[in-house]
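Visitor: One structure, pasted below without further comment.
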Amino acid sequence: MTMAGRLPETYGQSSGANLADILERVLDKGIVIAGDIRINLLDIELLTIKLRLIVASVDKAKEMGIDWWEDDPALSSRANHSQLERENRELRERLSELERASPKEETE
């Protein structure tokens, strides 16, 4: 019995909904993929690469304590603004210290 005349079934709307459900679950629960690559030559470790991949929603990541993107100036304009404010504050403090340390000139 051959099935040469039968075409594969097309993906319908139910498969799209299933994919959306799967993606929603993964983002809601999160998934971690971890692996190590080691290159040895005659029992001498030449290279070790550790790979860690976490796929989760932003809310789930924050819940897990992962929020590095908030402090990265390349990824967050708020982080860039915070960094400039911090640098400005530090420079003002250093200037105040220098002004206190330098002898004041007397005006006649």
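Any read-out appearing in this document is the output of simple, stated calculations on the displayed coordinates, not a laboratory observation. Worth saying up front: this structure is predicted, and the values here are computed from it rather than measured.
Visitor: Using the Karplus equation 6.51 cos²θ - 1.76 cosθ + 1.60 (θ = phi - 60°), what ³J(HN,Hα) coupling, rounded to whole Hz, does each residue of segment 66-77 give in order, writing x for Gly and Pro?
Guide: With the stated coefficients, segment 66-77 comes to 9, 8, 4, 5, 6, 9, 8, x, 6, 10, 9, 5 Hz.
Visitor: Follow-up question, since we're still on this one. Just the projected area, averaged over all directions, of the convex hull on the alpha carbon atoms of segment 27-66: how many nm²?
Guide: The Cα convex hull of segment 27-66, projected and averaged over all directions, gives 3.3 nm².
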